[in-house]
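Enquirer: Dropping a structure here in structure tokens format, bear with me for questions.
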Amino acid sequence: MAKTRLACLLTLLSTHCYFNVLAVVLKTDNNSPWTDEFDKIELSCLIESISTTNPRIEWKKITNDGPSYVYFDKKISGDLEKRAQIKEPASLVITNATRSDTAKYRCEVTAMDDQKSFDEIVIDLVVRVKPVVPKCSVPKSVPFGKSAELSCVEEEGFPKSQYQWFKNREEIPTDPKISSKFFNSSYTLNTDTGTLRFTAVRKEDAGEYFCRAKNDAGYAECPSQMMEVYDLDVLGIVMGVLVVVIVLLCITVGICCAYKRGYFSSQKQTGNNYKVPAKGDGVDYVRTEDEGDFRHKSSFVI
């Protein structure tokens with residue numbers, strides 16, 4: 001009985017080993033690697049078991065447009081043609097990673113002599129890109145009690161940048177109530193969009209502001225800009241309006257008086273509209289052509 005059990009056990013072990021040898025099995029050290037732009041990165045594709053001596057190895061890059069060959073027929077192709085190489089037995093090494101290399105990559109191994117002749121693994125690569133100097137907009141001057149908006153935009157970094165705002169070199173917290181220096185300020189700070197919005201500025205809000213865009217690869221800052229807060233002189237504005245109204249009223253009254261006194265008469269006596277007086281006894285009035293006026297001529301009636 002013992003011999004029979006031992007024989008069965010040996011049979012099971014040999015069968016298990018047989019199937020292991022006749023199956024290609026892949027594994028990876030890291031299925032979600034990352035690297036900074038322009039650095040080196042290895043996408044590991046390790047053959048755990050295989051019996052075929054010369055398996056076919058292929059790498060494909062998977063994007064929204066579909067898969068495309070990266071390594072085929074023992075040659076690097078596509079965007080990685082001069083920037084990658086195969087590390088035996090099947091790992092892909094990118095020597096100079098760029099932001100366009102961020103994608104999923106599939107390692108495929110075909111072993112014709114194995115019973116399980118095909119296996120694949122998918123690796124999700126992220127190439128991190130440091131942010132560039134963000135574009136910042138800070139109003140130069142704001143009336144006391146009015147609203148104000150400061151904006152910060154950076155679109156080159158990957159992953160997408162998060163934003164911080166600083167006033168006089170001190171970070172502005174997302175919630176003003178957690179800081180004694182900003183406790184009385186009324187603002188909202190959106191770290192995803194980079195917008196700092198004051199609902200009603202105070203004198204204490206004046207200062208130098210700058211923004212920092214950051215992600216896992218690093219950060220970049222825009223130059224600081226001064227924002228001033230000034231008092232709105234309501235009384236001065238009202239007095240100025242009253243002065244303008246009084247001046248316009250005086251001008252209007254003066255024009256009306258001038259019309260009444262005939263200073264702006266629309267009719268003028270000219271040579272064309274001059275009316276000849278009625279003839280008197282024995283007197284004729286003749287207009288000369290040279291001088292354009294009337295002269296008196298005397299005549300006697302016989």
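The values are calculated or read from the model by the stated rules, or taken from the named source; none is laboratory data. Owing to the predicted nature of the structure, the values given are computational and were not obtained by experimental measurement. Because the Cβ atoms are built from the backbone with ideal geometry, glycine has one as well, and the counts that use them run over all protein chains shown. Just the protein is used for accessible areas: all its heavy atoms, side chains included, with ligands, DNA and RNA removed. Shrake-Rupley method; radii C 1.70, N 1.55, O 1.52, S 1.80 Å.
Enquirer: Students often get this wrong: which residues of region 58-76 have the backbone nitrogen under 11 Å from the point 7 angstrom along Cα-to-C-beta of Glu120?
Expert: Counting only backbone N, you get 58-62, 67-68.
Enquirer: Separate question: Leaving out ligands and nucleic acids, note down the accessible area per residue over region 135-230 with a 1.4 angstrom probe, in whole Å².
Expert: Per-residue accessible area for region 135-230 comes out at 55 Å².
Enquirer: Could I ask something else about it? Could you state the number of Å between the C-alpha centres of region 87-132 and region 206-220?
Expert: About 35 Å separates the Cα centre of region 206-220 from the one of region 87-132.
Enquirer: To continue, here is another question. Say each of Lys87 and Tyr263 gets a label point 7 Å from the Cα, pointing the same way as Cα to Cβ; how far apart are those two points in nm?
Expert: Using points 7 Å along Cα→Cβ, the separation is 9.8 nm.
Enquirer: Say R0 is 51 Å: what FRET efficiency, to the nearest 0.05, do Val243 and Ser137 get from their beta-carbon distance?
Expert: The formula returns an efficiency of 0.90 here.
Enquirer: How much net charge surrounds Ala111 when only the other residues with a Cβ under 9 Å from the Cβ of Ala111 are counted, with Lys and Arg +1 and Asp and Glu -1?
Expert: -1
Enquirer: For region 135-230: lysine pairs with Cα atoms under 25 Å, gap of 8 or more or different chains, count?
Expert: Within region 135-230, the lysine pair count is 20.
Enquirer: Rounded to the nearest percent, how much of the accessible area of region 21-128 (1.4 Å probe, protein heavy atoms only) is carbon and sulfur?
Expert: 48
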